[in-house]
1. I need a count of the residues in region 91-117 that are among the charged types (D, E, K, R) and at pLDDT below 95.
2. Take the residues of region 162-182 that are among the aliphatic types (A, V, I, L, M) and assigned to a helix (DSSP H, G or I): which is nearest to residue 80 (Cα to Cα)?
3. Among the candidates 134, 200, 147, 122, single out the residue that is among the β-branched types (Val, Ile, Thr) and under 14 Å from the mean Cα position of the chain (by Cα).
4. Looking at (1) at pLDDT 95 or above; (2) surrounded by fewer than 18 Cβ atoms within 10 Å (Cβ to Cβ); (3) under 23 Å from residue 189 (Cβ atoms); (4) touching a helix residue (DSSP H, G or I) at 6+ places or on another chain (Cβ under 7 Å), which one does residue 78 not meet, given that it meets all the others?
5. Only residues that are without any contact (Cβ under 8 Å) to a residue 40 or more places away in the chain, of a type in the set (A, V, I, L, M) and assigned to a helix (DSSP H, G or I): list them for region 69-125, please.
6. Just wondering, is there one or more residues in region 56-74 that are at pLDDT below 95 and of a type in the set (Gly, Ala, Ser)?
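The values are calculated or read from the model by the stated rules, or taken from the named source; none is laboratory data. Note that the structure is a prediction, hence the values are computed from the model and not measured. Here Cβ is always computed from backbone atoms with ideal geometry, including for glycine, and neighbour counts include all displayed protein chains.
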Amino acid sequence: MAIIHFSFFIYLLLITYYLLLTTHYSLLITYYSLLITYYLLLNLDTLKQFDDALALCRGVFEKKLRDYGPSWRILRPAALTDQLFIKAKRIRSLQVKGNAMVDEGILPEFIGIVNYAAVGIIQLELGYADHKDIDNERALQLYDNAIARARELMIAKNHDYDEAWRGMRVLSYDDLILMKIERTKEIEDHQGVTIASEGIDANYFDMINYAVFAIIKLTE
């Protein structure tokens, strides 16, 4: 995909240069109108893929919510970070080793990262509890709110980075998630105080989006 984008960019420059030399300004305007339409359609495709991946994650979250309820309300932030670490580490291990002793691939782990990171955002906002203090309906509302904010962040960043995620490999998403987890651990060890960095919530949002991109790659 990255090669296609680079080739398209070169083609764009050549066509623009030709149209400027030949003073076909009306054709140039038409050409750029078609180009804008192309990128709008490409972005719509990204949104659909992103939403499909999020729906997959939500389905898993909702099923587990029916089985266990919001039992995760007892988890302190550091415990959630460790859960994220376990999942990201298993993905890396499977990628390096190439096989698994347990009959589960890396897709469920990326889904778990999305859902645990969403729970992490909820816990940061509500604080942890000593028991389940919300019902399933409220838990799902909080989950949807966290995911919606992650989606908004993806749209903004995808606009700025111009679909760069499509040129990345799945292993890169996992490494970036592991890096975000390490940063989160450092912030937690400093009691949430940062000097120049964003807070823990920003890392959770990035983990969600990296994991969703990986899910898209694994399912397309």
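1. Let us first name the residues in region 91-117 that are among the charged types (D, E, K, R), namely 92, 97, 103-104, 109.
Still in the list and also at pLDDT below 95: 97, 103-104.
Looking only at that region, the number is 3.
2. Going through region 162-182, the residues among the aliphatic types (A, V, I, L, M) turn out to be 164, 168, 170-171, 176-179, 181.
In the following step, the residues that additionally are assigned to a helix (DSSP H, G or I) were identified as 164, 170-171, 176-179, 181.
Details: 164: 29, 170: 23, 171: 22, 176: 17, 177: 14, 178: 14, 179: 15, 181: 10 Å.
Within region 162-182, the match that is nearest to residue 80 (Cα to Cα) is 181.
3. Numbers: 134 fails: under 14 Å from the mean Cα position of the chain (by Cα); 200 fails: under 14 Å from the mean Cα position of the chain (by Cα); 122 fails: under 14 Å from the mean Cα position of the chain (by Cα).
Just a single option satisfies the conditions, and that option is 147.
4. (1)
5. Residues satisfying the conditions are 79, 86, 94, 96, 122.
6. First pass over region 56-74, keeping only residues at pLDDT below 95: none.
Looking for residues that are at pLDDT below 95 and of a type in the set (Gly, Ala, Ser), one finds none in region 56-74, hence no.
For (1) under 17 Å from the mean Cα position of the chain (by Cα); (2) within 17 Å of residue 53 (Cα to Cα), each residue gets a yes or a no:
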position	(1), (2)
112	yes, yes
116	yes, yes
129	no, no
143	yes, yes
153	yes, yes
157	yes, no
163	yes, yes
170	yes, yes
189	no, no
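Rundown of residues vs (1) surrounded by fewer than 22 Cβ atoms within 10 Å (Cβ to Cβ); (2) touching a residue at least 12 places away in the same chain (Cβ under 8 Å); (3) assigned to a helix (DSSP H, G or I), yes/no style:
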site: 184; (1), (2), (3): no, yes, yes
site: 193; (1), (2), (3): yes, no, no
site: 197; (1), (2), (3): yes, yes, no
site: 202; (1), (2), (3): yes, no, yes
site: 205; (1), (2), (3): no, yes, yes
site: 208; (1), (2), (3): no, yes, yes
site: 218; (1), (2), (3): yes, yes, yes
